[in-house]
Structure formats: structure tokens, C-alpha cells
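Remarks on the structure that follows.
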Amino acid sequence: MALMITDECINCDVCEPECPNDAISMGESIYVIDPARCTQCVGHFGEPQCVQVCPVECIPVDPDHVETEAQLQQKYIQLVALATLHKPR
Ligand code: SF4
Ligand code: SF4
């Protein structure tokens, strides 16, 4: 499952640099998570890093993006492969 940021976000800027997948960015009014890039930190960390640092606990699981651990692992592998492909030589 990808995670999502609710409208309780106070735009404290803390989570964005913690995401190992660059999945977090500033949206129209609050930060947003790109579900295509969020692996719930699978492949990088044991716990979702954004959840660990968010001071207002506004990052729940996104019910519209339910994925198994295996699917998250697969997403991680694809993101790493893409990053390798686009790395400047
Ligand atoms: Fe990024 Fe991990 Fe948070 Fe997903 S759970 S948005 S991968 S820090
Ligand atoms: Fe919003 Fe929480 Fe991220 Fe701060 S850490 S910007 S409150 S989602």
C-alpha cells in the first residue's frame, strides 16, 4: 500500500527530504505522495520514514492503493532499475 497525506498536514517540510524514493512533493496546498513511487519504504527501511518524522501523524495508508509486501518489493526493484537507467554517465 502506498501512504497518503491528509489535510491535517501543516506543511512543516520535514518528511520530503526523508523519503528514499522521492515520492513526496509539495502539492497545491499541502504535501502529497506519489503512489507510483511510495513503497512504504520497503527496500530501504523497516518503517515508513515519513510516518516516523511527521509531527501531526497525518500519513495513513491510502485505501485506494492497496498493495501486498511482494508488490511493494517489486515497485522498489522497478524504481531502482529506472534510477540506474537514468543515471548520468
Ligand atoms: Fe516515501 Fe517511505 Fe513515506 Fe512512502 S512511506 S512516502 S516511500 S518515506
Ligand atoms: Fe505534512 Fe507531516 Fe510532511 Fe510535515 S511531516 S509536511 S505535517 S505530512
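The values are calculated or read from the model by the stated rules, or taken from the named source; none is laboratory data. On a predicted model such as this, the values are computed, not experimentally measured, just so you know. All Cβ positions, even for glycine, are placed from backbone atoms using ideal geometry, and neighbour counts span all protein chains on display. Side chains included, ligands, DNA and RNA excluded: accessible areas come from the protein's heavy atoms. Shrake-Rupley method; radii C 1.70, N 1.55, O 1.52, S 1.80 Å.
Cysteines without a disulfide-compatible partner in the chain, using Cβ under 4.7 Å as the rule?
Cysteines lacking a close Cβ partner in the chain: C9, C12, C19, C38, C41, C54, C58.
Taking the Cα-to-Cβ direction at D22 and at Q74 and moving 7 Å from each Cα, how far apart do the two end points lie in nm?
Distance between label points: 2.4 nm.
Compare the Cα positions of Q78, P17, C38 along the charge dipole of the stretch 16-85 (+1 at Cβ of Lys, Arg; -1 at Cβ of Asp, Glu; about the Cα centre) and return the one farthest towards the positive end.
With unit charges placed on the Cβ atoms, the residue in question is Q78.
Quick one: which residues, 5 or more positions from H65 or on another chain, have an amide H under 5 Å from its amide H? H modelled 1.01 Å from N in the peptide plane, none for Pro or chain starts.
The answer is A2.
To the nearest µm²/s, what D does Stokes-Einstein give for the stretch 16-85 at 20 °C and 1.002 mPa s, using the Kirkwood radius over alpha carbon pairs as Rh? Don't jump to the answer; show the numbers that get you there.
Details: Rh = 12.7 Å.
Rounded to a whole number, D works out at 169 µm²/s.
Taking the solvent-accessible surface of protein heavy atoms with a 1.4 Å probe, what is the per residue accessible area of the chain in Å²?
Details: 5800 Å² over 89 residues.
I get 65 Å² per residue for the chain.
What does the helix-only formula give at 222 nm for the chain: each DSSP H stretch with n ≥ 4 adding -39500 (n - 2.57), the total divided by the residues, and the result rounded to the nearest 500 deg cm²/dmol?
On the way: 2 runs with 22 residues, N = 89.
For the chain, the value works out to -7500 deg cm²/dmol.
What's the carbon and sulfur percent of the stretch 16-85's accessible surface, probe 1.4 angstrom, rounded to a whole number?
Numbers: 2280 of 4310 Å².
Within the stretch 16-85, the accessible surface is 53 percent carbon and sulfur.
Applying the Karplus parametrisation 6.51 cos²θ - 1.76 cosθ + 1.60 with θ = phi - 60° to the phi angles of the stretch 10-25, what ³J(HN,Hα) value in whole Hz is obtained for each residue in order, glycine and proline being reported as x?
9, 6, 7, 6, 6, 6, 3, x, 7, 6, x, 10, 6, 8, 9, 8
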